[in-house]
Amino acid sequence: MQFYSLNKRSPRVNFKEAVIRGIAPDKGLYFPTEIKPIARDFFDQIHQYSNNELAHAMIEQFVGNDIPEAALKTIIKDTLNFDFPLVEIEKNVLSLELFHGPTMAFKDVGGRFMARCLSYFNREQNNEVTVLVATSGDTGGAVASGFLGVKGVNVVILYPSGKVSEVQEKQLTTLGQNIKALEVEGTFDDCQSMVKQAFTDHDITDTLQLTSANSINVARWLPQMFYFAFAYKQLANRSKKLVFSTPSGNFGNICAGLMAQQIGLPVSHFIASTNANRVVPNFMRDGRYKPLKSVATISNAMDVGDPSNFIRIREIFKDDFAKIKENLSSYSFTDEQTKAAMLKVYTESGYIMDPHGAVGYLGLTHYLKDHPNKQGIFLETAHPVKFLEVVEPVIGTRIDLPAQIQAVMDQPKKALFIRKYDELKQFLLP
């Protein structure tokens with residue numbers, strides 16, 4: 001399998017080079033040259049396969065020969081060593097819990113898979129790789145945990161000061177070792193802009209081997225296909241048309257779901273549920289993509305004004321607006337609506353949603369009003385404990401800290417505060 005740049009001005013590369021580079025020399029995201037559907041009876045018989053077997057069948061075509069089958073199966077086994085339960089909330093509405101990994105966020109899957117791929121590629125190399133990543137919340141913790149102690153890999157995480165939760169900040173600033181955190185004055189978009197600038201700065205790229213662990217990296221992005229299949233496998237009734245509602249910020253997660261659909265997973269429709277950052281809902285009205293300045297919300301991991309991965313969704317459908325609308329809807333919700341949904345669900349069922357999951361719930365229930373004959377799954381992307389300052393006042397109940405969170409809360413924060421790109425450049429260069 002080869003990958004090409006969506007800017008179409010760089011050579012094609014294999015999986016290994018796409019992972020190590022992160023982004024193409026022409027600044028484009030990598031995309032596979034071919035998407036081969038899996039035989040239809042594979043998903044018809046999905047209950048016969050373990051999660052590891054499902055994951056291998058879905059990812060192997062994209063990895064190609066760059067990782068031998070036995071090594072790839074070991075990487076998958078090490079990545080997927082936690083559960084992905086499907087919980088019924090109300091009739092035709094289910095929650096897929098993606099927060100049972102080490103940092104209690106959906107990004108544990110992509111972070112762990114990518115870390116193990118890089119470790120495999122770097123196993124016989126003496127040169128070090130620097131993973132440079134911007135985070136709006138959970139990416140930082142997942143990447144920090146996934147790459148902690150990985151030989152030959154240094155990790156530098158940029159996060160917006162005051163715009164991540166206390167738990168999220170602790171998870172990315174307390175580990176030490178090969179993990180470094182930079183606290184940036186500004187928004188996530190400012191962090192992401194700095195990262196992109198570093199990748200095109202020859203002073204840096206001529207000195208360091210840079211890669212990114214955001215969902216722009218194919219090894220972070222593609223493994224997110226797995227849990228859409230895990231959810232489908234758990235459905236009691238697979239004859240009823242299925243829709244997924246995905247809380248969406250940088251759009252890597254929902255793009256992975258659409259890739260799963262492309263290789264054969266029977267999904268009727270996808271809903272990109274957003275907060276006040278409504279670039280894609282605006283696009284879905286008239287087909288015109290216009291980035292906006294990001295707005296701070298209580299669902300901070302989705303505070304993205306120019307989602308990097310949306311170009312991949314457009315590529316999947318060859319930028320055919322009618323085809324995009326056939327497969328994707330997108331709605332925007334306010335903080336007030338999000339809080340109201342969290343309280344409603346908790347009052348009626350006792351289920352506690354985090355703000356991102358609540359946005360996903362809102363998108364799903366909005367869609368199902370006009371499509372009552374379908375069933376839907378929303379992605380609960382992070383444990384509500386990661387947003388205590390939002391969730392507890394809304395539901396009026398104290399949430400106990402899980403062991404994973406307790407382990408970092410008392411650790412001292414270690415982060416360098418920066419204001420501009422030159423300070424990042426100075427930090428990176430020896």
When the residues of the range 200-209 are narrowed to those that are assigned to a helix (DSSP H, G or I) and within 16 Å of E128 (Cα to Cα), which ends up most open to solvent (accessible area, probe 1.4 Å)? T205
Is it the case that the range 273-283 has a residue that's open to solvent by 40 Å² or more (accessible area, probe 1.4 Å) and touching a residue at least 24 places away in the same chain (Cβ under 8 Å)? yes
Looking at F427, F378 in this structure, which one is open to solvent by less than 80 Å² (accessible area, probe 1.4 Å) and assigned to a helix (DSSP H, G or I)? F427
Considering only residues that are open to solvent by 70 Å² or more (accessible area, probe 1.4 Å) and either closer than 28 Å to A341 by Cβ or not charged (D, E, K, R) (or both), which ones fall in the range 405-424? Q406, Q411, P412, L416, F417
List every residue pair whose Cβ atoms lie under 7 Å apart, where the two residues are 6 or more positions apart in sequence or sit on different chains, the first residue falls within the range 57-73 and is within 20 Å of F228 (Cβ to Cβ) and in contact (Cβ under 8 Å) with a residue 60 or more places away in the chain, and the second residue, located anywhere, is of a type outside the set (A, V, I, L, M, F, W, C) and part of a helix (DSSP H, G or I). I59/P223
It is to be established whether one or more residues within the range 345-355 are assigned to a strand (DSSP E or B) and within 24 Å of the chain's Cα centre (by Cα). no
Could you list, in sequence order, the residues of the range 89-142 that are over 20 Å from the mean Cα position of the chain (by Cα) and charged (D, E, K, R)? E90, K91, R123, E124, E128
With the requirement that a residue be over 19 Å from V345 (Cβ atoms) and open to solvent by 20 Å² or more (accessible area, probe 1.4 Å), what does the range 81-99 give you? N81, F82, D83
Specify which of the listed residues (V155, V143, V167) is open to solvent by less than 10 Å² (accessible area, probe 1.4 Å), β-branched (V, I, T), in contact with a strand residue (DSSP E or B) (Cβ under 9 Å, 6 or more places away or on another chain) and at pLDDT below 90. V143
Reported set for the range 330-365 where residues are of a type in the set (S, T, N, Q) and open to solvent by less than 20 Å² (accessible area, probe 1.4 Å) is S330, T338
Would you please list the contacts, defined by Cβ atoms under 8 Å and residues six or more apart or on different chains, that run from a residue in the range 116-139 that is within 30 Å of T297 (Cα to Cα) to a residue that is in a loop (DSSP other than H, G, I, E, B) and among the acidic types (D, E)? S136/D303
Considering residues of the range 21-31 that are over 18 Å from the mean Cα position of the chain (by Cα) and buried (at least 20 other Cβ atoms within 10 Å of the Cβ) only, the residue nearest to I67 (Cα to Cα): R21
Which of the helices (runs of 4 or more DSSP H) found entirely inside the range 240-320 contain at least 2 residues meeting this: out of contact with any helix residue (DSSP H, G or I) (no Cβ under 8 Å at 6 or more places or on another chain)? 279-286, 310-316
Considering the range 234-260 alone, what residues qualify as being within 21 Å of the chain's Cα centre (by Cα), open to solvent by 10 Å² or more (accessible area, probe 1.4 Å) and farther than 18 Å from I311 by Cβ? P247
In the range 171-181, which residues are modelled with pLDDT under 90, out of contact with any Ser or Thr (no Cβ under 6 Å at 6 or more places or on another chain) and in a helix (DSSP H, G or I)? L172
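The values are calculated or read from the model by the stated rules, or taken from the named source; none is laboratory data. What you see is a predicted model, and the numbers here were worked out from it, not measured in a lab. Cβ coordinates were reconstructed from backbone atoms using ideal geometry, including for glycine residues, and neighbour counts include every protein chain displayed. Surface accessibility is based on the protein's heavy atoms, side chains included, excluding ligands, DNA and RNA. Shrake-Rupley method; radii C 1.70, N 1.55, O 1.52, S 1.80 Å.
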